[in-house]
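Accompanying notes for the structure given below.
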Amino acid sequence: MHKLLFSLLTVVSLSLLLFFHGGEARQQETPFPNACHFSQINSLAPAQATKFEAGQMEVWDHMSPELQCAGVTVVRITLQSNSIFLPAFFSPPALAYVVQGEGVMGTIASGCPETYEDIEASGRGGGGGDRRRRFEDMHQKLENFRRGDVFASLAGVSQWWYNRGDSDVVIVIVLDVTNRENQLDQVPRMFQLAGSRTQEEEQQQPLNWPSGNNAFSGFDANIIAEAFKVDTETAKQLQNQQDNRGNIVRANGPLHFVIPQPRQWQQDGIANGIEETYCTARLHENIDDPERSDLFSTRAGRMSTLNSLNLPVLRQVRLNAVRGYLYSGGMVLPQWTANAHTVLYVTGGQAKIQVVDDNGQSVFNEQMGQGQLLVIPQGFAVVKTAGETGFEWISFKTNDNAYINTLSGQTSYLRAVPLDVVKASYGVTEEEAKRIKFSQQEAMLAMTPSSSS
């Protein structure tokens, strides 16, 4: 009897522990209370732009009702040719999308091996022997990037970006501030490992970030000198005490790195331990390639999805991405995302977008163009109709495996409902119910009637 009572108490205790632990985890990820109650949703533009020596960083207002609802904030970085976004990290996990340009980026995680060596050969060589190898550099893995690449950024893992092209690089980053990996509050923070405050930042800014000096600047210069075994003057250089160029600086001539062939170092999947998780995990994929499209219509457009099934590291980031193209007159049929909010960023063209809330009220019905951003809350129905120049966008969803339900089309909920239920639900005749169920033969991408004629 005592053993039975002890077993029951143990089970109850474990159940309560799991319940409260799970509740705490969910609480950490809960956005601001009542943030998703809208009479109208607004498209958003950056609230602040901070100019650096060779580029700028624009941030959206994380206190806007739309971004509070989604529990995210958004950053857009522009790098001029031959410039570097200096090493920094964000407190929450993030997804970055390369809107335009090309270059090299590095992910820096303490404890990962320097897997690439730069060794220069010198001496006579050939048949004469006496060929010496001079050590030049060692560093962690690097990635070439180009338009259409999506990069996962883990909490507290720093990254840097180098624009080696002739035109600007533009990168949009969505930060999941309500992710459980972010143990701070829901105010976005960027921790700089190099760079300094600009004169512009020293003036009053409407938002509190990005602002500040790098991590070394707060330490005593003598302590830094001892830690790195350098002189005090060099330690002060690390602090960037006399530098006001900011976090995007111009490089002194083209930079050179040891870069592997594409995908040479990558391994699919994530295992336990820091080396497998941070050091060898595949962190990016190009989502613009037409060959990887999940949905394709020769007349309407195409869509590609990146989630934790094809990029496993997204299980930690807890975000996914959808890339979409609509041709002139193309339409994404009415749908809703069942288990995530959507942050839509327009990369080209124009479209009319309509959003309907849980009360069946229209909360957004506007044209959207390049550079604009729209938050579509979980469960809200949305339809997109491209203009004459077509429409391009990238959507970030707040679930690593978000899924969509459609209102019309081959795979819609109406196709799954019995005919008599359709008749009873909408008060239509059997013939009308059949047309409602079966007229639309496309799954998700279709042409508008005016374009089809």
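Values for this structure:
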quantity	calculated
For segment 136-192: accessible area per residue (Å², 1.4 Å)	37 Å²
Straight-distance crosslink candidates among lysines, where the alpha carbon sits under 24 Å from LYS384 and sequence neighbours closer than 8 are dropped	LYS352, LYS397, LYS437
Solvent-accessible area per residue, Å², over segment 346-453 with all protein chains present [probe radius 1.4 Å]	50 Å²
Accessible carbon and sulfur surface of segment 47-92 relative to its total accessible area, %, 1.4 Å	58 percent
Rounded percent of accessible protein surface that carbon and sulfur make up, segment 274-365, 1.4 Å probe	45 percent
Separation of alpha-carbon centers, segment 341-416 and segment 29-98, rounded to whole Å	20 Å
Relative contact order of segment 390-453, pairs being alpha-carbon contacts under 8 Å that are 6 or more residues apart, as %	33 percent
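The values are calculated or read from the model by the stated rules, or taken from the named source; none is laboratory data. Predicted model, so just to flag it, every value in this text is computed and none were measured. Surface accessibility is based on the protein's heavy atoms, side chains included, excluding ligands, DNA and RNA. Shrake-Rupley method; radii C 1.70, N 1.55, O 1.52, S 1.80 Å.
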